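Worksheet for the structure shown next.
The values are calculated or read from the model by the stated rules, or taken from the named source; none is laboratory data. Note that the coordinates shown come from a computational prediction; the quantities given were computed from them, not determined experimentally. Ideal geometry is used to build each Cβ from the backbone, glycine not excepted, and the neighbour counts take in all protein chains shown.
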Amino acid sequence: MRVLIVEPQTIVRASISALLAELPGIVLADATGAGTDVVALARRSGADVVLMNADVEDADGFALTRALRSDSGGRTDVVLRLSTTRVHEVQYALDAGASGILTRDSCPDVMADALDCVAKGRIFLESDTIRHLVTAAVAVPPRARISEDPCLSPLTDRELQILRLVARALNNRQIAAHLMISEGTVKAHLSRVLGKLRLTSRTQAVVFAYDCGLVTPHPRSRESA
């Protein structure tokens, strides 16, 4: 199994590379800290699995997951490392096509188990993640209407449109074409959205949109490990 590592922190990237070098049956296809060329790099390196930090630099890890799955026709699996196992973030990762989900604190043995699991064609979720999903599934409160949700009240109608499209993994150029506005205007709106919501990245905006119910994951059946 050939694995491509996508991790912005140099020390962490080196540590994961060293770990994979010790695992039987695994070949390090390549490693990068930037998200801009991940799809092309995965194709060139012949990666079977991409082990990726969802907060990769210069890109949205969830959108990259969709792109990797689409470009490979579903042949390249993606194991995402998340900063949290909040239900909506996990759901969005699965909806994007992730085959495995880890936290950044996952121990080496768990990481090895995840790679082995996805190599066998199964979905890997840690036990705590499964527990969170099950708890949410059996105790979902009625969702407040979007117009009444105070977390979205600072945003204008146009900013809500922008946030919704960002959460659906559209890039700025695609959003501009969809709304028939300039790419610069999209960037300005998105900057105001991040400022009003006190967020620092596009990925955080995606998770926020799901947490507030502005968008919901598409239904998809998944096999759990």
Original post:
Which residue pairs have Cβ atoms closer than 8 Å, lie 6 or more positions apart in sequence or on different chains, and pair a first residue in segment 90-105 that is free of Cβ contacts under 8 Å to residues at least 60 places away in the same chain and within 12 Å of Arg66 (Cβ to Cβ) with a second residue that is surrounded by fewer than 21 Cβ atoms within 10 Å (Cβ to Cβ) and among the small types (Gly, Ala, Ser)?
Top reply: Gly97/Gly74
**OP:** Kindly list, by first and then second residue, each pair from a residue in segment 58-69 that is free of Cβ contacts under 8 Å to residues at least 24 places away in the same chain to a residue that is small (Gly, Ala, Ser), limited to pairs with Cβ atoms under 9 Å and residues at least 6 apart or on different chains.
**Re:** none
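Would you mind finding the one in Arg44, Arg69 that is outside any strand (DSSP E or B), farther than 17 Å from Phe124 by Cβ and assigned by TED's automatic domain parsing to the domain that holds Thr84?
The match here is Arg44.
Does segment 123-130 include one or more residues that are part of a loop (DSSP other than H, G, I, E, B) and β-branched (Val, Ile, Thr)?
no
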**OP:** With the condition kept exactly as written, say whether any residue in segment 62-75 is more than 19 Å from Ser99 (Cα to Cα) and either touching an Asp or Glu at 6+ places or on another chain (Cβ under 6 Å) or surrounded by fewer than 22 Cβ atoms within 10 Å (Cβ to Cβ) (or both).
**Re:** no
Original post:
Checking Leu214 against (1) crowded, with 17+ Cβ neighbours inside 10 Å; (2) at pLDDT 90 or above, which single condition isn't satisfied?
Top reply: (2)
Original post:
Out of the residues in segment 131-157 that are among the β-branched types (Val, Ile, Thr) and not in a helix (DSSP H, G or I), which is modelled with the lowest pLDDT?
Top reply: Val140
Subject >> Sole exception among (1) within 15 Å of the chain's Cα centre (by Cα); (2) hydrophobic (A, V, I, L, M, F, W, C); (3) in a loop (DSSP other than H, G, I, E, B) for Val50, by number >> reply: (3)
**OP:** Return the pairs, sorted by first residue and then second, in which the second residue is part of a loop (DSSP other than H, G, I, E, B), the first residue lies in segment 198-215 and is among the aromatic types (Phe, Trp, Tyr), the beta carbons are less than 8 Å apart, and the residues are 6+ apart or on different chains.
**Re:** Phe208/Leu199; Tyr210/Thr216; Tyr210/Pro217
Original post:
Only one of these conditions is not met by Thr36: (1) in a loop (DSSP other than H, G, I, E, B); (2) under 18 Å from Val118 (Cβ atoms). Which number is it?
Top reply: (2)
Original post:
Gln91 fails exactly one of the following numbered conditions: (1) under 24 Å from Gly213 (Cβ atoms); (2) under 9 Å from the mean Cα position of the chain (by Cα). What is the number of that condition?
Top reply: (2)
Subject >> Candidates Ala21, Ala31, Ala54, Ala47, filtered to the one that is in contact with a strand residue (DSSP E or B) (Cβ under 7 Å, 6 or more places away or on another chain), buried (at least 19 other Cβ atoms within 10 Å of the Cβ) and without any contact (Cβ under 8 Å) to a residue 40 or more places away in the chain >> reply: Ala31
